[in-house]
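Step one of this worksheet: look at the structure below.
The values are calculated or read from the model by the stated rules, or taken from the named source; none is laboratory data. None of these values were measured; they are calculated from a predicted model. Neighbour counts are summed over all protein chains in view; Cβ atoms, including those assigned to glycine, are modelled from backbone coordinates with ideal geometry. These accessible areas exclude ligands, DNA and RNA; they are computed on the full protein's heavy atoms, side chains included. Shrake-Rupley method; radii C 1.70, N 1.55, O 1.52, S 1.80 Å.
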Amino acid sequence: MTLKRSRRVLVLAGSLAVLPLMLPGVAVAAATPIDLGTLPGDQYSEVNAVNDDGVMVGSSTPLETQIKYHAAKWDALGRISALPGLGGEQSKATDVNRGGVAVGWAHKDANWNQAAVKWAPDGTVTALPYLPGGDYATANAITDGGVIVGAGRAADGTMHAVRWNPDGKVVDLGGLPGGAYANAEWITPDGRTVAGTASDAAGNNHVVRWNLAGAITDLSPGNPRSTPEDMNDFGVIVGSADDASGNPKPVRWERDGRMTWLDWPERDPGWANAVNNAGAAAGGGYLVFGTESPVKWNRAGTRTTLSTARGLAYDIDRLGTVVGLENNIATKWAANGTPTVLGALTGGSYSVATHIAANGTVVGLSDNENGRTHAVYWPAG
């Protein structure tokens, strides 16, 4: 599943050292992360998704004037392999289901004509069909049952949200009336609810949801701009929406479509980045002038500030454990708020934890002694 919705990652190698007693408010240092490396000849990598068996997918990129993505897969032991493309130079894997089927996109030729693709567990690549008259598509997420969602260009040149059924049939989910862009970014495990972004006739982005029949619902009607960041297994979405003064504020959209403003100071921008299945959220914003700070919200929307130092929260697990970064170093906060510094690769000065799995495994990024950013992994303790 995508990083913010994955359930479990198997330990790649080794284990965390025994940690000292954690006292509330006292930062505890953990072991350094495990470097997941890159494909041969590349210098950067990132993990975009991980399934319950610890299989991870993402991309590896070379050091060039222009970023060029190469789809990659890591097995549960952290061994990297290339996922084949469609003949073009670039590709990226965006999600992987429990059966090891991955999805993403790949260029078909040197002109960067792009198709949505899926990779079988053995790496065999299949191009997904375009919308009628279309020539561009990308796949964002896949269920364990093989339903895929993403976006594709329609015959009139506008971008529509798309669903691919397990039999390969492409379904046009469309967008908002008069809008030129829609993108399906998440799908619930049962395949009944799809969420994403769609523009209105004026070009403003809205958080939207599609039901099983493909009917679209604007979850922020009348709001000039809103942005989704995550959806849980029950269709609850979090992100941000502009208030009357034009500042983004953290929001949760309930299953019935209600938009709930999460607790945040009126003067400052803020946003929610992740939501767990209990409806608790994590994110952050500018609590101190010029400085982003990490926070979490409980189901009632009450805010807990995790740190007033510079940082941000990116994920929250079912227990309320939050991961992100503080002072440019990956950090984990226990449910009671106790921080654990996760560290960086040897010689690195920056790291970020982007996901925490159900067993406590953490995935993220870190730079190394050469200033290259690699996908990394902190085993569960």
>> Residue pairs, Cβ under 7 Å, 6 or more apart or interchain, first in region 252-281 and among the acidic types (Asp, Glu), second open to solvent by less than 20 Å² (accessible area, probe 1.4 Å). List them.
In response: Glu254/Val236; Asp263/Trp297; Asp263/Gly301; Asp268/Gly285
> Pairs under 6 Å by beta carbon, first residue under 24 Å from Ile187 (Cα atoms) in region 88-116, partner basic (Lys, Arg) and in a loop (DSSP other than H, G, I, E, B), six or more apart or different chains?
Replying inline: Ala115/Lys108
>> Suppose we filter region 283-306 for residues that are modelled with pLDDT under 95 and not in a strand (DSSP E or B); how many remain?
In response: 2
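Taking region 175-188 only, how many residues are open to solvent by less than 10 Å² (accessible area, probe 1.4 Å) and either on the phi > 0 side of the Ramachandran plot or more than 17 Å from the chain's Cα centre (by Cα) (or both)? Give the steps one after another, and end with the answer.
Residues of region 175-188 open to solvent by less than 10 Å² (accessible area, probe 1.4 Å): 182, 184, 187-188.
Then keep just the ones that are either on the phi > 0 side of the Ramachandran plot or more than 17 Å from the chain's Cα centre (by Cα) (or both); that gives 182.
Result for region 175-188: 1.
Going by the conditions given, is Thr143 open to solvent by 10 Å² or more (accessible area, probe 1.4 Å) and either under 20 Å from Pro228 (Cα atoms) or out of contact with any Ser or Thr (no Cβ under 8 Å at 6 or more places or on another chain) (or both)? Before you say what the answer is, go through the steps one by one.
Numbers: open to solvent by 10 Å² or more (accessible area, probe 1.4 Å): no; either under 20 Å from Pro228 (Cα atoms) or out of contact with any Ser or Thr (no Cβ under 8 Å at 6 or more places or on another chain) (or both): yes.
Spelling it out, it is not the case that Thr143 is open to solvent by 10 Å² or more (accessible area, probe 1.4 Å) and either under 20 Å from Pro228 (Cα atoms) or out of contact with any Ser or Thr (no Cβ under 8 Å at 6 or more places or on another chain) (or both).
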>> Looking only at region 273-304, how many residues end up being open to solvent by 10 Å² or more (accessible area, probe 1.4 Å) and touching a Pro at 6+ places or on another chain (Cβ under 8 Å)?
In response: 2
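Scan region 13-32 and give yes if some residue there is surrounded by fewer than 18 Cβ atoms within 10 Å (Cβ to Cβ), at pLDDT 95 or above and in a strand (DSSP E or B), otherwise no.
In the first step, residues of region 13-32 are kept if they are surrounded by fewer than 18 Cβ atoms within 10 Å (Cβ to Cβ); the result is 13-29, 31-32.
Cutting the leftovers down to at pLDDT 95 or above gives us none.
So far as region 13-32 goes, no, none of its residues is surrounded by fewer than 18 Cβ atoms within 10 Å (Cβ to Cβ), at pLDDT 95 or above and in a strand (DSSP E or B).
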> When you scan region 244-272, how many residues do you find that are in contact with a Gly (Cβ under 7 Å, 6 or more places away or on another chain), more than 18 Å from Thr193 (Cβ to Cβ) and open to solvent by 40 Å² or more (accessible area, probe 1.4 Å)?
Replying inline: 2
> Can you find even one residue in region 189-197 that is open to solvent by less than 30 Å² (accessible area, probe 1.4 Å), touching a Leu at 6+ places or on another chain (Cβ under 8 Å) and on the phi > 0 side of the Ramachandran plot?
Replying inline: yes
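Any residue at all in region 153-170 that is at pLDDT 95 or above and in contact with a Ser or Thr (Cβ under 8 Å, 6 or more places away or on another chain)? Steps first, please.
Our first condition is that a residue be at pLDDT 95 or above; within region 153-170, this holds for 153-166, 169-170.
Narrowing further to those that are in contact with a Ser or Thr (Cβ under 8 Å, 6 or more places away or on another chain): none.
Within region 153-170 (the criterion being at pLDDT 95 or above and in contact with a Ser or Thr (Cβ under 8 Å, 6 or more places away or on another chain)), the answer is no, since none of the residues qualifies.
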> How many residues does region 94-134 hold that are within 21 Å of the chain's Cα centre (by Cα) and either open to solvent by 60 Å² or more (accessible area, probe 1.4 Å) or of a type in the set (Asp, Glu) (or both)?
Replying inline: 3
>> Just to be sure I understand the filter: pairs with C-beta atoms under 6 Å, separated by 6 or more residues or on different chains, first member in region 303-314 and farther than 16 Å from Leu262 by Cβ and among the small types (Gly, Ala, Ser), second member open to solvent by 30 Å² or more (accessible area, probe 1.4 Å) and not in a strand (DSSP E or B). Which pairs pass?
In response: Ala309/Asn327
> Which of the residues spanning region 305-318 are open to solvent by less than 60 Å² (accessible area, probe 1.4 Å), out of contact with any His (no Cβ under 8 Å at 6 or more places or on another chain) and not hydroxyl-bearing (Ser, Thr, Tyr)?
Replying inline: Leu306, Ala309, Gly311, Leu312, Ala313, Ile316, Asp317
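So, in region 34-67, exactly how many residues are closer than 15 Å to Ala106 by Cα and surrounded by 15 or more Cβ atoms within 10 Å (Cβ to Cβ)?
Applying the first criterion (closer than 15 Å to Ala106 by Cα) to region 34-67 yields 57-61, 67.
From the residues that got through so far, the ones that are surrounded by 15 or more Cβ atoms within 10 Å (Cβ to Cβ) too are 57-61.
Looking only at that region, the number is 5.
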>> Based on this model, can you work out whether Thr331 counts as among the hydroxyl-bearing types (Ser, Thr, Tyr), at pLDDT below 95, in contact with a Pro (Cβ under 8 Å, 6 or more places away or on another chain) and open to solvent by less than 20 Å² (accessible area, probe 1.4 Å)?
In response: no
>> Residues to consider are Asp268, Asp317; find the one that is at pLDDT below 95 and within 14 Å of Thr354 (Cα to Cα).
In response: Asp317
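Can you find a residue in region 213-227 that is among the acidic types (Asp, Glu), open to solvent by 10 Å² or more (accessible area, probe 1.4 Å) and in a loop (DSSP other than H, G, I, E, B)? Quick ask: steps written out before the conclusion?
Kept after step one, since they are among the acidic types (Asp, Glu), are these residues of region 213-227: 218.
Applying the additional criterion that residues be open to solvent by 10 Å² or more (accessible area, probe 1.4 Å) yields 218.
After this cut, where a residue has to be in a loop (DSSP other than H, G, I, E, B) as well, the list is none.
No, region 213-227 contains no residue that is among the acidic types (Asp, Glu), open to solvent by 10 Å² or more (accessible area, probe 1.4 Å) and in a loop (DSSP other than H, G, I, E, B).
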> What is the residue count in region 359-381 for residues that are open to solvent by 10 Å² or more (accessible area, probe 1.4 Å) and assigned to a strand (DSSP E or B)?
Replying inline: 4
